[in-house]
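K.L.:
Here it is, the structure, as structure tokens.
The values are calculated or read from the model by the stated rules, or taken from the named source; none is laboratory data. Computed from a predicted structure; not experimentally measured. When we count neighbours, we look across all protein chains shown, and the Cβ atoms used for this are built from the backbone with ideal geometry, even at glycine.
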Amino acid sequence: MTTIRKNRLALGLAATVLSIGGLSAVAYAQRDPAYETARSAGQVGEKMDGYLGIVGAETPSLKQIVNDINIKRRAVYAEKAQAANATLEEYALTAGCLAISRTVPGEKYQAPDGSWQTRTSAPPLRDSRCPA
Amino acid sequence: MTDAEMTLKGPVPKILRMQKGSPALKGRCGMALVSMATLVMLSGCITVNAPDKPIVIELNINIRQEVIYRLAEDASNTIEENADIF
């Protein structure tokens, strides 16, 4: 009996340590404030292809934010796609599916028909090939 | 005799031989055979035309979806590791 209890305690501790570790890992890299603002204002949105897009009128500052992030994303996709033995487009499309899933209510994303949608609390409209 | 002639094509003659002993059964069987023959004849009227265009099966879609499912976990980690650009 006591060994079982000890095991449970150890498991609980391990779980706590893991969850704390997970939280710190998520918090270590943050979005640039200008990007965060444009994102929550719905000026930029997640496209199906895994890149950012400008939703409304293009301004030089928005263009700069979007281009800067898309260049960085492309570099990451290329590296990871090669490691996973996939094409850049395949990897980017997969990341796009996930990035659209991760949008929070109020943010913009591109629906399969190409239109810009505002994310609500309901699941986003995604490509039928996207993983659950 | 007519029954046998009608069923020459199918495996039914075997059944007929087995049922020869019972006239009542034979009569019922004959009825069944006639209706079956009618069914066969009727169904024979249904024609299936091959489409004039070639049948194209888009395997591309399945392959892509499979790839996406395979990459999903990896991509999820990538997004978390690069939270500043996602």
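K.L.:
Taking the range A:96-128 on its own, how many of its residues are assigned to a loop (DSSP other than H, G, I, E, B) and not small (Gly, Ala, Ser)?
P.N.:
14
K.L.:
Applying the selection to the range A:103-116, what residues are crowded, with 17+ Cβ neighbours inside 10 Å and either away from chain B (no Cβ under 14 Å) or charged (D, E, K, R) (or both)? Explain how you work it out, then say what you get.
P.N.:
Initial filter on the range A:103-116 (crowded, with 17+ Cβ neighbours inside 10 Å): A:103, A:107-110.
Within the range A:103-116, A:Glu107, A:Lys108, A:Gln110 qualify.
K.L.:
Which residues, counting only those in the range B:39-81, are assigned to a helix (DSSP H, G or I), at pLDDT 65 or above and β-branched (Val, Ile, Thr)?
P.N.:
Of everything in the range B:39-81, those that are assigned to a helix (DSSP H, G or I), at pLDDT 65 or above and β-branched (Val, Ile, Thr) turn out to be B:Val67, B:Ile68, B:Thr78, B:Ile79.
K.L.:
Take the residues in the range A:26-39 that are more than 14 Å from the chain's Cα centre (by Cα) and of a type outside the set (A, V, I, L, M, F, W, C), then tell me which one is farthest from the other protein chains (Cβ to nearest Cβ).
P.N.:
For the range A:26-39, the residue satisfying everything is A:Thr37.
K.L.:
Between A:Thr87, A:Thr59, A:Thr120, which is within 11 Å of chain B (Cβ to nearest Cβ), over 13 Å from B:Ile79 (Cα atoms) and without any contact (Cβ under 8 Å) to a residue 24 or more places away in the chain? Please lay out each step first, then the result.
P.N.:
On the way: A:Thr59 fails: within 11 Å of chain B (Cβ to nearest Cβ); A:Thr120 fails: within 11 Å of chain B (Cβ to nearest Cβ).
Unique residue meeting the criteria: A:Thr87.
K.L.:
In the list A:Ile65, A:Ile71, A:Ile100, which residue meets the criterion of being crowded, with 17+ Cβ neighbours inside 10 Å and more than 11 Å from the chain's Cα centre (by Cα)?
P.N.:
It is A:Ile65.
K.L.:
Does A:Ala15 meet the test of being out of contact with any strand residue (DSSP E or B) (no Cβ under 7 Å at 6 or more places or on another chain), of a type in the set (Gly, Ala, Ser) and at pLDDT 95 or above?
P.N.:
no
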